[in-house]
Amino acid sequence: MQKLLLTVDRLSTWFGKACAWSVVGLTLLITWEVFSRYVLNKPHAWVLDAQIMLYGLLFMTAGAYTLAKSGHVRGDVLYGFFAPRTQAWIDLILYIVFFLPGIIALTYAGWFFFQDSLAMREQTFNADPLPVYPFKFVVPLAGAFLLLQGIVEIIRCVICIQTGAWPRREDDVEEVDVDKLKQMVNVKDADIEALDRLVVQKGGH
């Protein structure tokens, strides 16, 4: 079971990181348009729509990745003090009551939203129109990935309720591991404490 959970984590991570490259495209597009508009005096009507689509792609596809890393914002003023089993019960109830209905509705409606757009070959409304239906396909696609990751999180809750401990997640590099950083530079806590005392002493003088 743990292998299956980590496999889905890796899939969500791959999907999120692959779509994160849209940031590079968005940056290059905006840079080029600013140069073209203000230096060459040649603005392009379609660029604003392309910017919105790229940002929407980034925003929509980050959901499963963030959920896989347990990075979504939560009101954990009290949550962090609870035992793992209590945390799992809270998460399980919230996933069933709020998450599943919302994401299923998003994925289901998004698919028909995309089909309608594809059937009419929907385009943006400007002098240089862009096709909209590829972008609208992102809605059900992102919803499907988020739903899959949500099911994995529900399984994690059940395992935690049974065992009293959260199953481990796939490691990533989105945050600095302070302990590993100390090991890399050969710094010990005692050295840091001695440095702090020295700074305080010098400050007192």
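Once the Cα-Cα distance is subtracted from the 0.36 nm per residue extended length, the residue 21 to residue 113 segment shows a gain of 30.6 nm.
If R0 is 41 Å, the Cβ-Cβ spacing of residue 7 and residue 44 corresponds to a FRET efficiency of close to 0.45. If R0 is 25 Å, the Cβ-Cβ spacing of residue 170 and residue 78 corresponds to a FRET efficiency of close to 0.35.
Between residue 66 and residue 32, take the C-beta separation as r, use R0 = 30 Å, and let me know the FRET efficiency to the nearest 0.05.
About 0.55, to the nearest 0.05.
Counting Lys and Arg as +1 and Asp and Glu as -1 over every other residue whose Cβ lies under 9 Å from the Cβ of residue 116, the net charge comes to 0. Going from the fewest other Cβ atoms within 10 Å to the most, the residues 86, 13 appear in the order 86, 13.
Where a number appears in this text, it was derived from the coordinates with a stated rule and is not lab data. As the structure is a prediction and not an experimental result, all values here were calculated from the model. For neighbour counting, all protein chains shown are included, and Cβ atoms are generated from backbone atoms with ideal geometry for every residue, glycine included.
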